[in-house]
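For reference, the structure is listed below as structure tokens.
Rule-based calculations on the coordinates, nothing more; no lab input. Given the structure is predicted, the values throughout are model-derived calculations rather than measurements. With ideal geometry, Cβ positions are generated from the backbone for all residues, glycine too; neighbour counts draw on all protein chains shown.
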There are 2 protein chains.
Amino acid sequence: MNTADAIEKIKQKGLRVTPQRVAVFQTVWELNNHPTAEDIIRNIRKSHPSISVGTVYKVLDTLVASQLLEKVKTDKGTMRYDPILSDHHHLYCKVTDRIVDYEDPELDKMLEAFFSKKKIENFAISDIKLEITGTFKTKAHGKQKNG
Amino acid sequence: MNTADAIEKIKQKGLRVTPQRVAVFQTVWELNNHPTAEDIIRNIRKSHPSISVGTVYKVLDTLVASQLLEKVKTDKGTMRYDPILSDHHHLYCKVTDRIVDYEDPELDKMLEAFFSKKKIENFAISDIKLEITGTFKTKAHGKQKNG
DNA sequence: CTGCGTGCAAATGGTTTGCACTACG
DNA sequence: CGTAGTGCAAACCATTTGCACGCAG
């Protein structure tokens, strides 16, 4: 995502546009591996050496609250961040700890159909996310397409 | 779960049976709301006033490693613990932060059928968990049955 | 007996907070 | 200009760790 687009997206949400917000937002897009706050800080400092840890956390909270990013929870108890594209699920790799987005409209449609027929007692569903654990079959040559 | 059963389960896993392990295991069963470590410590001290924080965490790790309990991650970054019964999914209440188990063999069967037909490229699935977010419809009188 | 498990307290590490300063709008 | 955002460093808090002692097997 280029700078102009990042600015536009932030502005659309009614947020003040600051260099830090733009940088954090772009960095999460660049690091397409669901980075931790630490990953983000390390990378962002290449272009913004003086950005502070506290600011990054505050910016991340702001962007999450404005639905420009989402938090992904991990087994390790550290949060990771994900640019919001559209509804998607997550593939968790047991071996490499990689988290990969998984979009599947057909799956979503099936789930929706299932739960509109079969209600959960006393519970109103607002969202369903699949957490698919497993392992990537690494090919000899090159990286994952999904990664 | 009574003490004899708890001892038996722990023994079955080849673990040393200690009063602390038995107490932690029973406490997680009693607190059927997916307690945090803090919840567990607070409650366990009613019967074992001198158990230490470090021990509780170590025991929880041990029991998780032996598959007597499982860790449930939360948005807040704190872990919660769940006695392992069988495969189940989780209902997350947006309003009360309650986490409730959801078992549904029919759903599991449907998912299995779906993913045996439609493979995910380069990924071998070992487990699928649904994270169903929403709100409980509280009845005027009394608590949730599921709670 | 012998080593694994426990208690304690200090350390860790990710995240948060308070405050003076800066700059977006 | 005024207020929301930033930088900094200290504080926080769940969890981990190291070590001496105790108890399960």
Problem set entry | Within the protein assembly as shown, helix-based [θ] at 222 nm, where runs of 4 or more DSSP H residues each add -39,500 (n - 2.57), nearest 500 | -12500 deg cm²/dmol
For this session: State the antiparallel share, in %, of DSSP beta bridges confined to region A:89-141, rounding to the nearest 5.
Result: 50 percent
For this session: Add +1 for every Lys or Arg and -1 for every Asp or Glu among the other residues with Cβ under 12 Å from the Cβ of B:K118, and state the total.
Result: -2
Seminar exercise, completed: Mean other chain Cβ within 10 Å across A:72-78 is 4
For this session: Would you mind checking the pairs B:K13/B:K109; A:K11/B:K137; A:K76/B:K94 and listing those with alpha carbons more than 27 angstrom apart?
Result: B:K13/B:K109; A:K11/B:K137
Seminar exercise, completed: The local net charge around B:A37, scoring Lys/Arg +1 and Asp/Glu -1 for residues other than B:A37 whose Cβ lies under 12 Å from its Cβ, equals +1
For this session: Quick one: compute the contact order of chain B, relative version, from alpha carbon pairs under 8 angstrom and 6+ residues apart, as a percent.
Result: 19 percent
Exercise. Taking the convex hull of the alpha carbon atoms in region B:38-147, what volume per residue do you get, in Å³?
Worked result: 162 Å³
Exercise. With charges set only on the Cβ (+1 for Lys and Arg, -1 for Asp and Glu), what does the dipole of the protein assembly as shown come to about its Cα centre, in debye to the nearest 20?
Worked result: 660 debye
Seminar exercise, completed: Relative contact order of region B:3-82 (C-alpha contacts under 8 Å, at least 6 apart) in percent is 30 percent
For this session: Would you work out which of A:Q20, B:A6, A:I120 lies farthest towards the positive end of the dipole of the protein assembly as shown, given +1 charges on the beta-carbon of Lys and Arg and -1 on that of Asp and Glu, about the Cα centre?
Result: A:Q20
For this session: Using a cut-off of 13 Å between beta-carbons, work out the net charge of the residues near B:I7 (Lys and Arg +1, Asp and Glu -1, B:I7 not included).
Result: +3
For this session: Hey, for a label at B:I125 modelled as a point 7 Å past Cα toward Cβ, could you say which residues of region A:51-94 have their backbone N under 18 Å away?
Result: A:88-94
Exercise. Given labels modelled 7 Å from the Cα in the Cβ direction, how far is it in nm from A:K71 to B:R45?
Worked result: 2.6 nm
Exercise. Given a cut-off of under 8 Å on Cα pairs at least six residues apart, what relative contact order in percent is computed for region A:89-141?
Worked result: 55 percent
